[in-house]
Amino acid sequence: MAEEQVVISVADDQVDDMASVVEALRHAGLRVDEVLESVGVVTGTVEGDVLGSLSAVPGVAEVEQSREFQLPPPDSTVQ
């Protein structure tokens with residue numbers, strides 16, 4: 001199955017214990033790219049078949065798939 005880029009919000013009451021939440025996410029299959037402790041966010045990549053299990057990790061408030069957008073160049077006729 002394809003890899004998915006994800007953004008994970010950590011529950012407010014778990015931000016002080018980010019290390020444990022991040023370790024549990026790794027154990028669930030997340031390859032962590034970045035941990036933003038000050039805002040309680042973790043980004044990373046996960047196999048698509050494991051995506052649903054991340055929301056069951058204790059301390060996870062929300063799991064969102066990343067989206068990419070490409071705007072046309074400024075001199076494009078489509079603006």
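The values are calculated or read from the model by the stated rules, or taken from the named source; none is laboratory data. These numbers come from a predicted model, not from an experiment. Quick reminder, even Gly has a Cβ in these numbers, built from the backbone with ideal geometry, and neighbours come from all protein chains shown.
Could you identify the single residue in Val15, Val21 that is in contact with a Pro (Cβ under 9 Å, 6 or more places away or on another chain) and touching a residue at least 24 places away in the same chain (Cβ under 8 Å)? Please lay out each step first, then the result.
Values: Val15 fails: in contact with a Pro (Cβ under 9 Å, 6 or more places away or on another chain).
Answer to the check: Val21.
Anything in the range 32-54 that is of a type in the set (Gly, Ala, Ser), loosely packed, with under 11 Cβ neighbours inside 10 Å and closer than 15 Å to Val15 by Cα? List them, or say none. Steps first, answer last, please.
Here is the first cut: in the range 32-54, the ones of a type in the set (Gly, Ala, Ser) are 38, 40, 44, 48, 52-53.
Now drop any that are not loosely packed, with under 11 Cβ neighbours inside 10 Å, which leaves 38, 52.
The answer is Ser38, and nothing else.
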*Contacts under 6 angstrom Cβ, first residue in the range 46-71 being free of Cβ contacts under 8 Å to residues at least 40 places away in the same chain, partner surrounded by 11 or more Cβ atoms within 10 Å (Cβ to Cβ) and of a type outside the set (Val, Ile, Thr), 6 or more apart*: Val50/Gly29; Ser53/Ala28; Val57/Ala24; Val57/Leu25; Val57/Ala28
*Evaluation of Ser20 against (1) touching a Gly at 6+ places or on another chain (Cβ under 9 Å); (2) closer than 16 Å to Gln65 by Cβ; (3) modelled with pLDDT of 95 or more; (4) not hydrophobic (A, V, I, L, M, F, W, C) (one fails), failing number*: (2)
*Among residues of the range 40-53, those that are modelled with pLDDT of 95 or more and more than 18 Å from Arg67 (Cα to Cα), counted*: 1
